Amino acid sequence: MGLAHTFMAAQALEDAAKAAGYDQIKIETQGADGIENRLTAQDIAEADIIIHSVAITPEDNERFENRDVYEITLQDAIKNADGIIKEIEEMIQAG
């Protein structure tokens, strides 16, 4: 997976979240250029959902240690972002 896939996955997740009615989504990307749109400690603490769409382990992964993280592949995000958002919503509703 290359850098283009990172941004394709980010766009797919953003589009799916907006289509599902979420008014705010923050996406951090990590690639050859380093971390872009880095999530702050406050962003992480206040997030309803944390999704890692990854090909490799994210940098500074310890920032997410006290949070539930839904991990998917970049390909899953690109091909099935709507389904992933729906699946996460169902998991949250089930408690």
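Every number in this text was worked out from the coordinates using simple rules, so none of it is lab data. Just so it is clear, the structure is predicted and the values come from calculations on it, not from any experiment. A quick note on method: Cβ atoms are made from the backbone with ideal geometry, for glycine too, and the neighbour counts reach across all protein chains shown.
Mind listing just one residue for me: the one in the stretch 1-55 that is of a type in the set (A, V, I, L, M, F, W, C) and part of a strand (DSSP E or B) and, of those, nearest to R67 (Cα to Cα)? Don't jump to the end; show me each part of the working.
Step one: filter the stretch 1-55 for residues of a type in the set (A, V, I, L, M, F, W, C), giving 1, 3-4, 7-10, 12-13, 16-17, 19-20, 25, 27, 32, 35, 39, 41, 44-45, 47, 49-51, 54-55.
Now restrict to residues that are part of a strand (DSSP E or B): 35, 51, 54.
Numbers: I35: 20, I51: 11, V54: 17 Å.
The qualifying residue nearest to R67 (Cα to Cα) is I51.
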Restricting attention to the stretch 10-61, and to residues there that are in contact with a Lys or Arg (Cβ under 6 Å, 6 or more places away or on another chain) and closer than 20 Å to Q75 by Cβ, which single residue is surrounded by the most Cβ atoms within 10 Å (Cβ to Cβ)?
-> E28
Lone unmet requirement of (1) more than 23 Å from G95 (Cα to Cα); (2) in contact with a Pro (Cβ under 9 Å, 6 or more places away or on another chain) for F64 | (1)
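Hey, any hits in the stretch 15-29 for a residue that's among the aromatic types (F, W, Y) and either more than 22 Å from G95 (Cα to Cα) or touching a strand residue (DSSP E or B) at 6+ places or on another chain (Cβ under 6 Å) (or both)?
Restricting attention to the stretch 15-29, the residues satisfying the condition of being among the aromatic types (F, W, Y) are 22.
From what is left, the residues that are either more than 22 Å from G95 (Cα to Cα) or touching a strand residue (DSSP E or B) at 6+ places or on another chain (Cβ under 6 Å) (or both) are none.
No, the stretch 15-29 has no match at all.
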